[in-house]
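**Student:** Got a structure for you, questions after.
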Amino acid sequence: MSTTYRLGVLEGDGIGPEIVPSAVEIATAAARAAGVSVDWVTLPLGAAAIESHGTPLPEETKEALAGLDGWYLGPHDSVGYPEPHNSALNPSGSLRKHFQLFANIRPAKSFPGAKAVCDGADLVIVRENTEGFYADRNTFAGTGEFMPTPDTAIMMGIVTRAATERVARVAFELARSRRKKLTIVHKANVLKLTTGLFRTVCQEVAQEYPDVVVDDFHIDAMTVHLVRRAQDFDVIVTENMFGDILSDLAGEISGSLGTAPSINASATTAMAQASHGSAPDIAGRNLANPVAMILSGAMLFEWLGARHGDAALTATAAVIQRAVADTIAAGVSTRDLGGTASTTEFTTAVSKAVHDGAGQG
Ligand code: ATP
């Protein structure tokens, strides 16, 4: 008997209520085509949850997520929340911290038929998600930022051997399943102790993977290398803030930030989340590109397939990925990719590609 997988749906803010339903629609069609049974569980999060529950991340949402196989998280516009929510750790940071989703895996791949600064990019950034220079999430209590006087602000950066080792292993395993190249990104010439430790630990883990070719760059130099020759990179591992910035750059030069997917994973659960933010400038106008959210969902199905040893889940991911690629190759895309399709028109086209693909077997 086949298992029913239970997945959470948290729409979030800005373009979230446009791109998350689009991604769920495509995943539902693909799962049906691949013979996977999914129960979708909608949960409150973001500005709507402030209205309904008095907090952007209600306890009941966290409790429900703990019982699910994984979930889709839409972007949030936490800078727009009223105080005190504006000063608190934002919903995705809270979820990453609460569920110890330590590996943020962010691929950047150009699509044939879509405009891109760099054609032929096919790389994955593995970003450490629980410490580093995002001070808001690297303390047990409080946010790791201090303001002793109105004119002085201090932040705390943390790098630990344990957190670096576990994310490095994820990155090396991924490299081993791809082109067997791994790049460590750091700033060990200036931040010698913190990012120096990050580099050292990654190099130690490298000893267990003699089949993977390793190099390393300073974060500033790496931005230049990415723009010049993104196609030369395979897997990149780096700390939290460097990874956040570098993955926006990688997403944009390989097409659009609107196509850059990601998952946040622990050893036991995973959260699909587009790399981009809530794009308030285009929210509510049916202009958003849902590709990043749709492909984040595919990554979640792939991750679940590996975790549960269920080939039908992996097949669901492949159906989603192929339908998106076929749609873009056929010349249908949203404005950010140079096309004219609205969010809903693009979603309908991908949905049709799922059905057409299923028809071809
Ligand atoms: P955050 O800090 O929450 O990640 P951000 O400040 O990086 O957010 P985004 O919300 O990601 O900013 O938006 C950056 C730019 O990219 C905006 O011009 C936005 O319209 C565009 N953008 C982001 N996501 C999409 C999308 N899915 N489709 C089209 N354009 C997008």
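The values are calculated or read from the model by the stated rules, or taken from the named source; none is laboratory data. All values derive from a computational prediction rather than experimental measurement. Backbone-built Cβ (ideal geometry, glycine too); neighbour counts: all protein chains shown.
**Student:** All but one of (1) closer than 23 Å to residue 254 by Cβ; (2) modelled with pLDDT under 95 hold for residue 355; which doesn't?
**Tutor:** Checking residue 355 against (1) closer than 23 Å to residue 254 by Cβ; (2) modelled with pLDDT under 95, the one that fails is (1).
Residue-wise test of (1) over 20 Å from the mean Cα position of the chain (by Cα); (2) at pLDDT 95 or above; (3) within 16 Å of the ligand (Cβ to nearest atom).
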residue	(1), (2), (3)
51	yes, no, no
60	yes, yes, no
65	no, yes, no
70	no, yes, no
75	no, yes, yes
82	yes, no, no
85	yes, no, yes
88	yes, no, yes
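**Student:** Please indicate, with yes or no, whether at least one residue in the stretch 240-252 is over 29 Å from residue 7 (Cβ atoms) and surrounded by 24 or more Cβ atoms within 10 Å (Cβ to Cβ).
**Tutor:** yes
**Student:** Any residue that is within 13 Å of the chain's Cα centre (by Cα) and either polar (S, T, N, Q) or more than 23 Å from residue 198 (Cβ to Cβ) (or both) - is there at least one of those in the stretch 128-145? If you could, list the steps in order and put the result at the bottom.
**Tutor:** We begin by selecting, within the stretch 128-145, every residue within 13 Å of the chain's Cα centre (by Cα); these are 128-129.
Then keep just the ones that are either polar (S, T, N, Q) or more than 23 Å from residue 198 (Cβ to Cβ) (or both); that gives 129.
Yes, because at least one residue in the stretch 128-145 is within 13 Å of the chain's Cα centre (by Cα) and either polar (S, T, N, Q) or more than 23 Å from residue 198 (Cβ to Cβ) (or both).
**Student:** What's the number of the condition residue 284 fails, among (1) at negative phi; (2) surrounded by fewer than 19 Cβ atoms within 10 Å (Cβ to Cβ); (3) within 16 Å of the ligand (Cβ to nearest atom)?
**Tutor:** Evaluating residue 284 over (1) at negative phi; (2) surrounded by fewer than 19 Cβ atoms within 10 Å (Cβ to Cβ); (3) within 16 Å of the ligand (Cβ to nearest atom) leaves (1) as the failure.
**Student:** Still on this structure, I have one more. For a quick check of your reading of the model, give me the residue pairs whose first member lies in the stretch 178-202 and is under 13 Å from residue 158 (Cα atoms), whose second is among the hydrophobic types (A, V, I, L, M, F, W, C), with beta-carbon atoms closer than 7 Å and at least 6 apart or on different chains.
**Tutor:** What qualifies is 194/159; 195/159; 195/188; 196/188; 197/159; 198/159.
**Student:** In the stretch 170-205, what residues are among the charged types (D, E, K, R), assigned to a helix (DSSP H, G or I) and surrounded by fewer than 16 Cβ atoms within 10 Å (Cβ to Cβ)?
**Tutor:** Start the filter on the stretch 170-205 by keeping residues that are among the charged types (D, E, K, R), which leaves 173, 176, 178-181, 187, 192, 199, 204.
Next, only the ones that are assigned to a helix (DSSP H, G or I) stay: 173, 176, 199, 204.
Matches in the stretch 170-205: 173, 176, 204.
**Student:** Tally up the residues in the stretch 212-262 that are of a type in the set (Asp, Glu) and away from the ligand (no atom under 11 Å from the Cβ), please. Spell out the reasoning first.
**Tutor:** Within the stretch 212-262, the first condition is being of a type in the set (Asp, Glu), and the residues that meet it are 215-216, 220, 232, 234, 239, 244, 248, 252.
Restricting the remaining residues to those that are away from the ligand (no atom under 11 Å from the Cβ) gives 215-216, 220, 232, 234, 239.
Residues in the stretch 212-262 being of a type in the set (Asp, Glu) and away from the ligand (no atom under 11 Å from the Cβ): 6 in total.
**Student:** Given the condition under 26 Å from residue 257 (Cα atoms), assigned to a helix (DSSP H, G or I) and among the acidic types (Asp, Glu), answer yes or no: does some residue in the stretch 12-26 qualify? Walk me through it before giving the result.
**Tutor:** First, pick out the residues of the stretch 12-26 that are under 26 Å from residue 257 (Cα atoms): 12-26.
When the remaining residues are screened for being assigned to a helix (DSSP H, G or I), the result is 16-26.
Next, only the ones that are among the acidic types (Asp, Glu) stay: 18, 25.
The answer is yes, given that some residue of the stretch 12-26 is under 26 Å from residue 257 (Cα atoms), assigned to a helix (DSSP H, G or I) and among the acidic types (Asp, Glu).
**Student:** Cβ-Cβ distance below 6 Å, separation of 6 or more or different chains: which pairs start in the stretch 95-116 with a residue that is under 14 Å from residue 71 (Cα atoms) and end on one that is surrounded by fewer than 21 Cβ atoms within 10 Å (Cβ to Cβ) and of a type in the set (Phe, Trp, Tyr)?
**Tutor:** If the second residue must be surrounded by fewer than 21 Cβ atoms within 10 Å (Cβ to Cβ) and of a type in the set (Phe, Trp, Tyr), no pairs are left.
**Student:** Of the residues 223, 164, which single one is under 30 Å from residue 333 (Cα atoms), among the polar types (S, T, N, Q) and crowded, with 17+ Cβ neighbours inside 10 Å? Outline the logic, then answer.
**Tutor:** Working: 164 fails: under 30 Å from residue 333 (Cα atoms).
When all the criteria are applied, what remains is 223.
**Student:** Would you check if residue 84 is over 25 Å from residue 135 (Cα atoms), in a loop (DSSP other than H, G, I, E, B) and without any contact (Cβ under 8 Å) to a residue 40 or more places away in the chain? I'd like the intermediate steps shown before the answer.
**Tutor:** Details: over 25 Å from residue 135 (Cα atoms): no; in a loop (DSSP other than H, G, I, E, B): yes; without any contact (Cβ under 8 Å) to a residue 40 or more places away in the chain: yes.
When the stated conditions are applied, residue 84 does not pass them.
**Student:** Would the stretch 349-359 turn up any residue that is of a type in the set (Val, Ile, Thr), under 21 Å from the mean Cα position of the chain (by Cα) and either more than 16 Å from the ligand (Cβ to nearest atom) or more than 13 Å from residue 23 (Cα to Cα) (or both)?
**Tutor:** From the stretch 349-359, those of a type in the set (Val, Ile, Thr) are 350, 354; that's our starting set.
From the residues that got through so far, the ones that are under 21 Å from the mean Cα position of the chain (by Cα) too are 350.
From what is left, the residues that are either more than 16 Å from the ligand (Cβ to nearest atom) or more than 13 Å from residue 23 (Cα to Cα) (or both) are none.
No - not one qualifying residue is present in the stretch 349-359.
**Student:** Look through the stretch 253-268, keep the residues that are among the hydroxyl-bearing types (Ser, Thr, Tyr) and crowded, with 21+ Cβ neighbours inside 10 Å, and return whichever of them is farthest from residue 80 (Cα to Cα). Give the derivation first.
**Tutor:** Just the residues of the stretch 253-268 that are among the hydroxyl-bearing types (Ser, Thr, Tyr), to begin with: 254, 256, 259, 262, 266, 268.
This time we only want the ones that are crowded, with 21+ Cβ neighbours inside 10 Å, so: 254, 256, 259, 262.
On the way: 254: 29, 256: 24, 259: 24, 262: 23 Å.
The selected residue is 254.
**Student:** Which residues, counting only those in the stretch 253-293, are of a type outside the set (Asp, Glu) and over 28 Å from residue 305 (Cβ atoms)? It would help to see each step written out before you state the result.
**Tutor:** First, the residues of the stretch 253-293 that are of a type outside the set (Asp, Glu): 253-280, 282-293.
Selection gives 253, 277, 278, 279, 280, 282, 283, 284, 285, 286, 287.
**Student:** Does the stretch 141-163 hold any residues that are touching a helix residue (DSSP H, G or I) at 6+ places or on another chain (Cβ under 7 Å) and either modelled with pLDDT of 95 or more or not assigned by TED's automatic domain parsing to the domain that holds residue 128 (or both), and which are they? So that I can check it myself, show each step before the final result.
**Tutor:** Restricting attention to the stretch 141-163, the residues satisfying the condition of being touching a helix residue (DSSP H, G or I) at 6+ places or on another chain (Cβ under 7 Å) are 143-145, 155-157, 159, 161.
Hits for the stretch 141-163 are 159, 161.
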